[in-house]
Amino acid sequence: MLYDTFGIPPIWGVVIGSLVVVFYCMIGGFITVVATDVLQAILMIVSLVVMPILLLFVMASHDLDLAAAMRQAGASYVSLTGGETGAAAVLLVASGLSWALGYTGQPQLLTRIMLLRNRRDHDRGKWVAAAWTLVAYAGAMLIGYLGIAFVQGGLIGGDAVARLSDTEHKGFELIFPVLVNTFLLPVLAGIMLSGAISAMMSTASAEILLCSSTITQDLHGNFARRKMEERRALWFNRVVTLAVGLAAFLLALTVRDSVFGLVSYTWSGIGSSFGPALLLILFWKRVSRAGVVASFVSGTAGTIVWKSLFERQTGVSERLTSFLFAFAMAVLFSLLLPEKRAAAGGG
């Protein structure tokens, strides 16, 4: 079994990972999460840079031709449009680019931007993020192409090929662990796989901390009759963090979708709800409270409806459709129910 190399059930990975994430969220809070994010980002870059280099040496030692292997695999694997043409290709590309739309509404990312102290920090962070993204994505794409070459060249076979042939992106997201377990020593394999796990832990810790702070500060802090003393508030925050982590753990045990599908679904729901509202607040003076609420509701509802009823039949991602729907509803309700000051001033 791919994930059962040492006879350890995969559930223990979920348990240990959940305990580690919840523990450092409870103990250190936001500063600890940011610090661990930096270390996790470094580990991810190491994995995405070192792994392709090692695989290139393996390919050279077996005299594999990457270009020939890609041609043999067919357009559905190597084409930028997945072998589609015309309108289908346009929709496929638009669905892929729609990941960018979701960034505008991710609270766990926006809180990092809010911490910028000055313009200098902004400029420095901009270039660091751009460089990191280029290196990481280039390494990830190269790993995928090399995986195609190894499958076509017969270096990967048996149960691994069956797993990679799974549908709905499940096979594609297994290529990295398959390559790691096939060509690296166990110690190196553990380090490389930690890079992928770092991405999951970074997002999980940010979401848990965001949920707990929303409950303790935004909800309890605004509606409680009396303000808690500092020490008691600290323990209350830790208890809420533990409860949120436990709820996330139980949800993780019940879902059956792929990691790609789950990330796309949540990315769409959060990004489509908050993204249009945030953009309109920043760049359109006539946005109203009704428009903001419409964005929240329609972004969430649009994601659920499209994912459940139309995504499979149309092939168009819920990330694109729900964002456009929420944006349109925010504009529509802002025009139908404007703020009084906007109506009096004529916009």
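The values are calculated or read from the model by the stated rules, or taken from the named source; none is laboratory data. Since we're looking at a predicted model, the values are computed, not measured. In this analysis, Cβ positions are derived from the backbone assuming ideal geometry, glycine residues included, and neighbour counts consider all displayed protein chains.
Which ranges mark the helices (runs of 4 or more DSSP H) fully within the stretch 250-335 that have 2 or more residues being within 23 Å of residue 92 (Cα to Cα) and among the β-branched types (Val, Ile, Thr)?
On the way: elements: 259-283, 289-305, 311-314.
In the stretch 250-335, the matching helices (runs of 4 or more DSSP H) lie at 259-283, 289-305.
Report whether or not residue 77 is within 28 Å of residue 184 (Cβ to Cβ) and either surrounded by fewer than 15 Cβ atoms within 10 Å (Cβ to Cβ) or within 21 Å of the chain's Cα centre (by Cα) (or both). Write out each step before concluding.
On the way: within 28 Å of residue 184 (Cβ to Cβ): yes; either surrounded by fewer than 15 Cβ atoms within 10 Å (Cβ to Cβ) or within 21 Å of the chain's Cα centre (by Cα) (or both): no.
It is false that residue 77 is within 28 Å of residue 184 (Cβ to Cβ) and either surrounded by fewer than 15 Cβ atoms within 10 Å (Cβ to Cβ) or within 21 Å of the chain's Cα centre (by Cα) (or both).
Based on this model, can you work out whether residue 59 counts as in contact (Cβ under 8 Å) with a residue 60 or more places away in the chain, within 26 Å of residue 155 (Cα to Cα) and assigned to a helix (DSSP H, G or I)? First the steps, then the outcome.
Numbers: in contact (Cβ under 8 Å) with a residue 60 or more places away in the chain: yes; within 26 Å of residue 155 (Cα to Cα): yes; assigned to a helix (DSSP H, G or I): yes.
Yes.
So, in the stretch 62-76, exactly how many residues are farther than 18 Å from residue 155 by Cα and touching a residue at least 12 places away in the same chain (Cβ under 8 Å)? Show your work before the answer.
Residues of the stretch 62-76 that are farther than 18 Å from residue 155 by Cα, as a first pass: 74-76.
Imposing the further condition that a residue be touching a residue at least 12 places away in the same chain (Cβ under 8 Å) reduces the set to none.
So the count comes out to 0.
Only one of 301, 277, 290 is modelled with pLDDT of 90 or more and either in contact with a strand residue (DSSP E or B) (Cβ under 6 Å, 6 or more places away or on another chain) or buried (at least 21 other Cβ atoms within 10 Å of the Cβ) (or both). Can you tell me which? Outline the logic, then answer.
Values: 301 fails: either in contact with a strand residue (DSSP E or B) (Cβ under 6 Å, 6 or more places away or on another chain) or buried (at least 21 other Cβ atoms within 10 Å of the Cβ) (or both); 290 fails: either in contact with a strand residue (DSSP E or B) (Cβ under 6 Å, 6 or more places away or on another chain) or buried (at least 21 other Cβ atoms within 10 Å of the Cβ) (or both).
None of the other options fit; the residue is 277.
Only residues in the stretch 15-39 that are not assigned by TED's automatic domain parsing to the domain that holds residue 205 and hydroxyl-bearing (Ser, Thr, Tyr) count as the first member; pair them with residues that are at pLDDT below 85 and part of a helix (DSSP H, G or I), Cβ under 6 angstrom, at least 6 apart or cross-chain, and list the lot.
none
Of the residues in the stretch 211-245, how many are aliphatic (A, V, I, L, M) and closer than 18 Å to residue 33 by Cβ?
Step one: list which residues in the stretch 211-245 are aliphatic (A, V, I, L, M), which gives 215, 219, 224, 228, 233-234, 239-240, 242-244.
From what is left, the residues that are closer than 18 Å to residue 33 by Cβ are 215, 234, 239-240, 242-244.
Matching residues across the stretch 211-245 total 7.
Suppose we keep only residues that are surrounded by fewer than 16 Cβ atoms within 10 Å (Cβ to Cβ) and of a type in the set (Ser, Thr, Tyr) within the stretch 80-116. Which one would you say is farthest from residue 70 (Cα to Cα)?
Among those residues, the one meeting the criterion is 103.
Determine, yes or no, whether residue 241 is over 21 Å from residue 58 (Cα atoms), modelled with pLDDT of 80 or more and among the polar types (S, T, N, Q). Spell out how you get there, then give the answer.
Working: over 21 Å from residue 58 (Cα atoms): yes; modelled with pLDDT of 80 or more: yes; among the polar types (S, T, N, Q): yes.
Criteria met by residue 241.
For residue 111, are the conditions met, namely being of a type in the set (Val, Ile, Thr), in a loop (DSSP other than H, G, I, E, B), out of contact with any Cys (no Cβ under 7 Å at 6 or more places or on another chain) and over 25 Å from residue 192 (Cα atoms)?
So residue 111 does not fit the description; no.
Quick one: which of 173, 207 is within 21 Å of residue 17 (Cβ to Cβ), of a type in the set (D, E, K, R) and modelled with pLDDT of 80 or more? Walk me through it before giving the result.
Values: 173 fails: modelled with pLDDT of 80 or more.
Exactly one of 173, 207 is within 21 Å of residue 17 (Cβ to Cβ), of a type in the set (D, E, K, R) and modelled with pLDDT of 80 or more, namely 207.
Which residue out of 336, 320 is under 25 Å from residue 111 (Cα atoms) and outside the structural domain of residue 214 (by TED's automatic domain parsing)?
Working: 336 fails: under 25 Å from residue 111 (Cα atoms).
So the residue among 336, 320 that is under 25 Å from residue 111 (Cα atoms) and outside the structural domain of residue 214 (by TED's automatic domain parsing) is 320.
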